[in-house]
Amino acid sequence: MCGIVGAVGINNPRDYALKGLKMLEYRGYDSAGVGFLDQGIKIYKDVGSPEHLGDILPTEIKTDTIIGHTRWATHGMPSKENSHPHISAQRKIALVHNGVIENAHDIKVFLKEKGYSFYSKTDTELVVNLLEYYYFEYKDMIQALIKVRSILDGSYALVIVSEDHPGTLFMLKKGSPLLIGKGNGFNLVASDASPMINFTNEFVDLDDYDFGYINKDEIRIFDKDSKEVNKPIIHKDVELISHDLKGYPHYMLKEIEEIDEVVKRLVSNYYQDNKYIFDDNLIKDLKESDHIMFLGCGTSYHASLVGGRLFENINNISTSKYIASEWAFHPTFPGQKPFVILISQSGETADLIHCMNVIKEKKIRSLLITNTPGCTLSKGVTYTLQLYAGVEISVASTKAYAAQVALLALLAGAINKDPKIVEDLKGTVKVIENIQKTLKEPIAQIAEEIKDNEHVFFLGRSFDYFLSLEASLKLKEISYIHSEAYPGGELKHGPIALIKEGLPVIVFITDPITASSMRSNIEEVKSRGAKVYVISTKDLAIPKDTLIVENYPYYLSSVAISSIAFYLAYYVSLKKGYNVDKPHNLAKSVTVE
Ligand code: F6R
């Protein structure tokens with residue numbers, strides 16, 4: 001996690017660093033800091049989000065070389081000492097770091113033997129001292145970087161200022177993203193394009209093991225063999241990374257209310273003139289494979305559960321779905337000709353990058369479904385499909401989840417050349433719009449009723465169960481209420497022991513095949529005192545149900561009515577006075593394993 005910015009030669013470096021870090025808050029926000037050259041290296045840092053930095057930074061900064069960082073703690077709790085930038089013992093070098101150094105212990109032992117001591121608990125302080133140690137030895141920063149790169153294990157995007165090199169920022173990267181923004185008379189660097197997009201639309205993407213430096217006029221990059229390379233210039237679109245709240249009080253609410261548009265856009269991008277628009281080779285690979293494996297984490301894993309079931313039901317293909325962090329260390333490849341689908345909104349998730357490396361090594365063909373063009377994961381897979389959901393800023397994923405499921409449904413439709421799926425998806429748009437128009441108040445009322453409970457249960461079967469898992473994750477993530485999701489039929493095998501007087505149980509009934517079994521499950525929890533809230537579709541509803549939505553094909557629950565789950569979590573969090581978009585302990589981009 002963690003977000004990085006750097007600039008040389010820019011007019012207002014203070015403003016660039018503060019605004020840029022704000023843009024990168026989705027990568028972590030427990031502490032933040034800025035470092036710059038002004039008669040030596042100056043560092044200002046503290047716990048709290050980048051906004052707070054504005055209070056401690058001098059209003060005028062005289063420098064043309066600045067670095068900044070917003071942190072998600074890995075080594076060492078959020079504290080001023082552990083915040084970045086970190087400075088070397090002789091104050092020659094300071095750097096910001098995104099990633100985790102896996103051989104930190106060995107480096108610490110080495111440096112201690114050389115007489116170094118440390119003020120923080122971070123792996124980053126070790127890196128800056130290691131660099132300083134070799135800089136003193138070689139008297140050359142490039143040689144020192146090559147040496148440090150040969151020692152470091154783990155992931156790192158490093159941006160470095162050196163007292164001896166005013167007007168220059170050095171960098172080194174492996175595993176964590178780093179993008180250079182090419183300016184006219186200035187150059188920038190950051191974890192993604194968003195801090196730089198108001199200054200340039202020309203970018204240079206660094207690959208793993210690349211290192212180099214920028215000054216105001218030059219970008220010089222060296223590859224894994226330490227040979228200088230001419231990297232291609234990439235152009236990025238300002239629209240795609242807009243952080244405009246468009247009048248909404250929170251990004252989460254805005255993003256929930258974009259779901260209908262996202263579904264429409266996906267359909268029109270992947271289905272034109274009565275034909276699915278997917279790479280023929282991708283469809284051929286999917287058809288020829290005898291087993292499709294899905295990998296994802298959190299919300300994206302929940303989307304993979306839906307995707308797997310769709311491929312089984314619609315395409316009659318055998319599938320398995322794995323939590324990426326579980327599969328990565330014990331990989332299995334069922335079938336003779338497996339194909340892997342990785343799902344990641346950010347495209348930067350470390351657990352998935354680990355999986356991707358295993359898959360690549362085995363030369364298994366793979367597809368990435370992502371919302372982030374040019375992301376790290378897209379560089380290692382055979383095919384990439386974009387969600388076109390627009391940037392998702394709220395830490396809790398909403399529109400990306402609905403988009404992931406919608407895209408998987410389109411893919412299932414494309415394999416069978418079945419236009420009905422497109423019509424079904426188009427039909428969900430009306431359901432989504434109706435929820436937006438008519439159900440927000442009743443959902444806010446449920447939120448009011450459940451907000452003070454310590455525990456909540458969600459129940460569903462099949463596709464409604466998958467949605468229940470997502471609803472439960474969302475609620476716990478932003479309202480800090482403990483919640484569980486169970487298949488309706490599984491309750492009696494253990495968890496029913498937890499049902500007690502007044503416990504809220506939220507039930508989805510949208511599947512005609514399982515509706516009557518779910519009604520029986522409701523009686524089971526009611527008779528043990530649960531307070532039940534039923535969300536059902538018109539054809540399956542009974543008058544007492546809490547929320548009744550328009551009919552839709554039951555296999556599209558996660559597209560058609562996921563907004564109900566998202567609104568519920570949103571209103572509970574709001575009513576409890578929490579920071580909806582930035583729940584504690586979390587970050588949007590999970591770049592550590
Ligand atoms: C929950 C949430 C997370 C992510 C997970 C994977 O709201 O957003 O559970 O889904 O961290 O992230 P991506 O999809 O970026 O790989």
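Taking the condition surrounded by fewer than 20 Cβ atoms within 10 Å (Cβ to Cβ), of a type in the set (Ser, Thr, Tyr) and out of contact with any Ser or Thr (no Cβ under 6 Å at 6 or more places or on another chain), does Ser325 pass? Answer is yes for this residue.
Tell me, which residue of the range 436-476 that is assigned to a helix (DSSP H, G or I), among the hydrophobic types (A, V, I, L, M, F, W, C) and under 24 Å from Ser304 (Cβ atoms) is farthest from the chain's Cα centre (by Cα)? Step through it out loud before you land on a result.
Restricting attention to the range 436-476, the residues satisfying the condition of being assigned to a helix (DSSP H, G or I) are 436-438, 440-450, 463-476.
So of that shortlist, the ones also among the hydrophobic types (A, V, I, L, M, F, W, C) come out as 443-444, 446-447, 450, 463, 466-467, 469, 471, 473, 475.
Subset that is under 24 Å from Ser304 (Cβ atoms): 463, 466-467, 469, 471, 473, 475.
Working: Phe463: 23, Phe466: 20, Leu467: 19, Leu469: 18, Ala471: 18, Leu473: 15, Leu475: 17 Å.
Taking the candidates together, the pick is Phe463.
Looking across the range 483-496 at every residue that is open to solvent by less than 10 Å² (accessible area, probe 1.4 Å) and at pLDDT 95 or above, the one that is nearest to Lys582 (Cα to Cα) is identified as Ser483. The range 497-593 holds strands (runs of 3 or more DSSP E) entirely within its bounds, and those carrying 1 or more residues that are open to solvent by 10 Å² or more (accessible area, probe 1.4 Å) map to 531-537, 547-549. Residue count for the range 284-308 under the criterion of being open to solvent by 10 Å² or more (accessible area, probe 1.4 Å) and near the ligand (Cβ under 10 Å from one of its atoms): the result is 6. Residues in the range 124-163 that are part of a helix (DSSP H, G or I) and small (Gly, Ala, Ser) were compared, and the one that is surrounded by the fewest Cβ atoms within 10 Å (Cβ to Cβ) is Ser150.
Annotation note: Cβ proximity below 9 Å between a residue of the range 468-482 that is without any contact (Cβ under 8 Å) to a residue 40 or more places away in the chain and open to solvent by less than 30 Å² (accessible area, probe 1.4 Å) and a residue that is within 12 Å of the ligand (Cβ to nearest atom) and not polar (S, T, N, Q) (sequence gap 6+ or interchain) occurs for Ser472/Ala565.
Of the residues Ser527, Ser558, which is within 16 Å of the ligand (Cβ to nearest atom) and in the same structural domain as Val429 (by TED's automatic domain parsing)? Talk me through it step by step, then tell me what you get.
Details: Ser527 fails: within 16 Å of the ligand (Cβ to nearest atom).
When all the criteria are applied, what remains is Ser558.
Inspect all residues belonging to the range 459-477 and state whether any of them is more than 26 Å from Arg265 (Cα to Cα), more than 14 Å from the ligand (Cβ to nearest atom) and touching a Lys or Arg at 6+ places or on another chain (Cβ under 9 Å). The answer is yes, given that some residue of the range 459-477 is more than 26 Å from Arg265 (Cα to Cα), more than 14 Å from the ligand (Cβ to nearest atom) and touching a Lys or Arg at 6+ places or on another chain (Cβ under 9 Å). Just one of Leu367, Leu387, Leu408, Leu352 is in contact (Cβ under 8 Å) with a residue 24 or more places away in the chain, away from the ligand (no atom under 13 Å from the Cβ) and buried (at least 24 other Cβ atoms within 10 Å of the Cβ); which is it? Being in contact (Cβ under 8 Å) with a residue 24 or more places away in the chain, away from the ligand (no atom under 13 Å from the Cβ) and buried (at least 24 other Cβ atoms within 10 Å of the Cβ) holds for just one of Leu367, Leu387, Leu408, Leu352, which is Leu408.
The values are calculated or read from the model by the stated rules, or taken from the named source; none is laboratory data. Just so it is clear, the model here is predicted, and its values are computed rather than measured. Every residue, glycine as well, gets a Cβ built from its backbone with ideal geometry; the counts of neighbours run over all protein chains shown. The area values use the complete protein model at the heavy-atom level, side chains included, leaving out ligands, DNA and RNA. Shrake-Rupley method; radii C 1.70, N 1.55, O 1.52, S 1.80 Å.
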